[in-house]
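Quick note: the coordinates plus some simple rules give every number you see, no bench work behind them. Source: prediction; values computed, not measured. Cβ: placed from backbone, ideal geometry, glycine included. Neighbour counts: every protein chain shown.
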Amino acid sequence: MAPPRSRLTRRDALRLGGLALPALALPGLLAGCDSASGSVGSVLRVAQTSDPKTLDPQKQGDLTSMNVLINLFDTLTTRGPDNQLAPGLALSWTSPDPLTWRFKLRPGVRFHNGEPCDAKAVAFSINRLLDPATKSPIVELRYVKQAVIVDELTVDLRCSQPDPIIPAKVSLFGGVAVPPGYLKQVGSAGFAKHPVGTGPFTFVEFQRDHQMRMRANPGYWGGRPSFDELVFLPMPDPSSALASLQSNEVDIVASLTPDAALQIQGYTGVSIRNYPGIRTSYLSLDTTAGPLRDVRVRQALNHAVDVPLLIKAVLDGKAREVPTMFPRESFGFDPSITPYSRDVGLAKRLLADAGFPNGFDTSLTAQTGDSNIAEVISGLLAKAGVRARVDLVDTGTYTSRLTSNNRSALGPIYLAASTGWTLDAESLVQSNVRHDRRQSRWSSPAADRLIDAEELTVDPAGRQRAFTALQSLLKQEAPFVFLYQIDNIYAVNTRPRWQPGVVGVLGMAQAQVTS
Amino acid sequence: MTAPTVSVAKPPAAGTGVLRVVVTKVLTAIVVLFFVATAAFFLVRLSGDPVKLILAPDASAAQEATLRAGLGLDRPLLTQYLDYLGGLPRLHFGNSLVYDQPVSEVLLARVPATLELAAAALVIALLLAIPAGAFAALRRGRAGDSGVMAGVLIGQSTPAFWVGIVLILIFAVQLQVLPASGYGGFTHLILPAVTLAVYSVAVIARLLRSSMIDVLGSDYIRTARAKGLSTGGIVVSHGMRNAALPVVTVIGLEVGTLLGGAILTERVFSWPGIGRLTVEAIQNRDFPLVQASVLFFAATFVVVNLLVDLSYTVLDPRVRVTS
């Protein structure tokens, strides 16, 4: 994974400059001076809404934590600049039989404490994750039974049923390597206090709710990062995070919403960058009860919700319409399937055909943070005669109802969003399309067959055929109202040069900083 | 939480009086804390299931069950409750469900930042409010009084987060003289402490003004004036001391307000304190952490109330001798 040529030369230039700088910058940093004042030297400061929950990468399962930890740890596979799966700690992978995934490891990789990262370490890591005693919240490796050492640089993951996207699943959660010797020495609690990985940065200091500091790893197998120090700052309030950017206390503010980003328009020295993202939103329809049982009603809703207008009016244009619920960058997406036409007249005719010439009353449940979007969707539905009362619930309540045994707990219609970071369409449908899944509110034998085909087949061509058929079926039967995939939005000052991938993870190994 | 009132200081016998008050107060405090601990335990469990929040929504029911058992949340409620109560005397609060770290560690790491902020805010509030209140009382009904009272009214009716954002925009973004947020040196403390102090300045200044007006109209002040003492001397040696009693009560209450107000201020200024921690713990349904932070707040109130009560015996001899 050699970076492009031009970047190498620029990095070399920076490295030379870096030799002159340490005398100036490092003593202050080492002494723990305020990151906010004085010389910032070759430091990159990134603000996101909160801290990692824990520094043990196998005891967290959220992207906010992973955004920080991916700088300390490596994963078996990774995503290249083109969003394609690329070698990480594993150089290659194959599936010798449907229940096995075999990973060939990169030779010579060492943890920050000098321990070798070989098959023993990788197998230990996966088995530690699978051990119930670890209490890991990572759920992706559910079909992996155990990791087995084949030789010094080869590891097999043995599965209980075929799982074609294991290589994608070990590109983030689940694919992290932890050092067995160090863990034995300091224990899990000690490891979480002072994590040791193989990643591009080494751990320096973590003060919860204040800052997480890391230093460039000179021995990194992918090459030393081009700047000296990486600092993550948790800033829950977007207004104050943006103020910190304007007063030069941070360089990048990540995970902004479109309306928060608007606050900063017109200020010099700072800019808003939005990049394509994969977080995909949709309305889940309860097809088992009421008017939504009728496919014409569900199609009417899809014609009524004018997604391009919604994107323009509420999301400041920072989102892309999706034909079904598969993001464009995911494996399985078929561009030949087009979005619904937006047509209130047609929606009304379909409703009348289904026996609702005067529309009907229903409710639309959303999380409090999505209140704007829910209100606008409710307004768009009302134009076609569907009067949806907006019910807002907090995240905790929403999640509990979403995963409860009562599949109607969130009402007839709810607004949902999913970040399918595996970049495989399976992630978007795995829990809510097959009739027996936890959040499914739709029963279709044809869909069940297609889900089985894409989930249990390893051959990509066969999977693509199943996904294409599934998208056609989803569009035709409309058990959801398909909305948009929202951009990843960052506010930056003039210092950093960095291009995020579509998943939006804050891995900073390739970033550059100018002073 | 009991508000401090002047009447709670029971008429003690001379000598052992203060000690007896303290013993009674400490015993009461333990009972209060026991009830707070119990309420926190059951109320937080009514809020829902933390396992659902820790795991991704596509987790299987089996994965949920495994984690729930791992966290000890599958045990009978009574077992969990007794376990929790048993740990309290030893200050064992269990492990945070989300951070996978002892709650006492998580909490204690944050206490200094909050105390620092609250103390700084209180000092700023007193430094501004005492002269302002006294000045307004002496200028009663005149332009100076109206001016101070108008300022105070604005301060009291402005929400803290708004004050915070305005201060950030002026001093951090425009003038660039103070950091917008974060925790570190003295400069980081100024904006959040001022933000937090604004409301308290208003409350204390108003109360001091009216208390002072009462005192200035009383017989002993007239006597002092008749003796030919200067206005300044009267205010400092007689007025202040006698006007202080209700003000001390309010300052005690203000400590609570400051700790509570810290929740919003800590968020706006990204201050690593206990208020922000508590809000996040509630959002995450991190039962052990919520229980411990609620207890921390309750214990702070109880201790401050005790100190306020005791200070009466120093400030007002009548509290000691009346029976």
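Other residues with beta-carbon under 10 Å from the beta-carbon of A:Pro258 carry, at +1 per Lys or Arg and -1 per Asp or Glu, a net charge of -2.
Treating cross-link reach as a plain straight distance, find the lysines whose alpha-carbon is under 16 Å from the alpha-carbon of A:Lys348, omitting any fewer than eight places away in the same chain. Output for A:Lys348: A:Lys383. Bridgeable lysines around B:Lys52 (alpha carbons under 26 Å apart, same-chain partners fewer than 8 residues away excluded): A:Lys53, A:Lys59, A:Lys135, A:Lys145, A:Lys169, A:Lys193. I need the shape label for the stretch B:183-295. Rule: rounded when a/c is under 1.5, else prolate if a/b > b/c, else oblate, with a, b, c from the alpha carbon gyration tensor. Prolate, because a/c is 1.5 or more and a/b exceeds b/c. Two tests apply to each whole DSSP H helix in chain B, Cα reach of 24 Å or more along its axis and mean Kyte-Doolittle hydropathy of at least -1.0, and the ones passing both are B:17-46, B:103-138, B:186-216, B:240-268, B:287-315. From helices alone, chain B scores -24000 deg cm²/dmol at 222 nm; the rule is -39500 (n - 2.57) for each run of n ≥ 4 DSSP H residues, then divide by the residue total. To the nearest 10 degrees, how steeply does helix A:5-20 sit against the main Cα axis of chain A, on a 0 to 90 scale? For A:5-20 against chain A, the angle is about 50 degrees. Think of chain A as having a plus end and a minus end, set by charges on the Cβ of Lys, Arg, Asp and Glu; of A:Ser431, A:Cys159, A:Asn248, A:Cys159 sits farthest toward the positive end of this dipole. Per residue, the convex hull spanned by the Cα atoms of the stretch B:102-224 measures out at 147 cubic angstrom. Under the convention that each Lys and Arg Cβ holds +1 and each Asp and Glu Cβ holds -1, the size of the dipole of chain A around its Cα centre is about 360 debye.
Highest mean packing first, where packing is the average number of other Cβ atoms within 10 Å per residue, the peptides A:82-89, B:261-268 line up as B:261-268, A:82-89. Summary value for the stretch A:248-346: 27 percent relative contact order, contacts being C-alpha pairs under 8 angstrom separated by 6+ residues. Legend: Rg and Dmax of the stretch A:47-148, from Cα coordinates, 14.5, 44 Å. Taking a ≥ b ≥ c as the square roots of the eigenvalues of the Cα gyration tensor of chain B, is the shape rounded (a/c under 1.5), prolate (a/b larger than b/c) or oblate? Oblate is the answer for chain B, as a/c is 1.5 or above yet b/c matches or exceeds a/b. For B:Lys25, a cut-off of 27 angstrom between C-alpha atoms picks up these lysines, skipping any fewer than 8 places away in its own chain: B:Lys10.
Here the relative contact order of the stretch A:345-476, from alpha carbon pairs under 8 Å that lie six or more residues apart, stands at 17 percent.
I need the P(r) histogram for the stretch B:31-142: all alpha carbon pairs, bin width 10 Å from 0 out to the longest distance, whole percents. Taking every Cα pair in the stretch B:31-142, the percentages come to 11, 27, 24, 15, 11, 8, 3, 0.
Couplings 3J(HN,Hα) for the stretch A:177-186, derived from phi with the Karplus relation 6.51 cos²θ - 1.76 cosθ + 1.60 (θ = phi - 60°), are 9, 10, x, x, x, 5, 5, 5, 6, 9 Hz, where x marks Gly and Pro. Among A:Val250, B:Val250, B:Val106, the order by Cβ neighbours within 10 angstrom, fewest to most, reads B:Val250, B:Val106, A:Val250. Relative to the longest principal axis of the Cα atoms of chain A, the long axis of helix A:371-383 makes an angle of roughly 20 degrees.
In chain A, the longest principal axis of the Cα atoms and the axis of helix A:460-477 are about 40 degrees apart. From the square roots a ≥ b ≥ c of the eigenvalues of the alpha-carbon gyration tensor of the stretch A:348-504, which class results: rounded (a/c under 1.5), prolate (a/b over b/c), or oblate? Because a/c hits 1.5 or more and a/b fails to exceed b/c, the stretch A:348-504 counts as oblate. Residue exposure proxy: A:Lys169, A:Lys184, ordered by other Cβ atoms within 10 angstrom of their Cβ from fewest to most, comes out as A:Lys184, A:Lys169. Taking the inverse of the mean reciprocal distance over all distinct Cα pairs, the Kirkwood hydrodynamic radius of the stretch A:285-324 comes to 11.5 Å. Based on alpha carbons, the Rg and Dmax found for the protein assembly as shown are 30.8, 105 Å. Fewest neighbouring Cβ atoms within 10 Å first, the residues B:Asp214, A:Asp334, A:Asp237 line up as B:Asp214, A:Asp334, A:Asp237.
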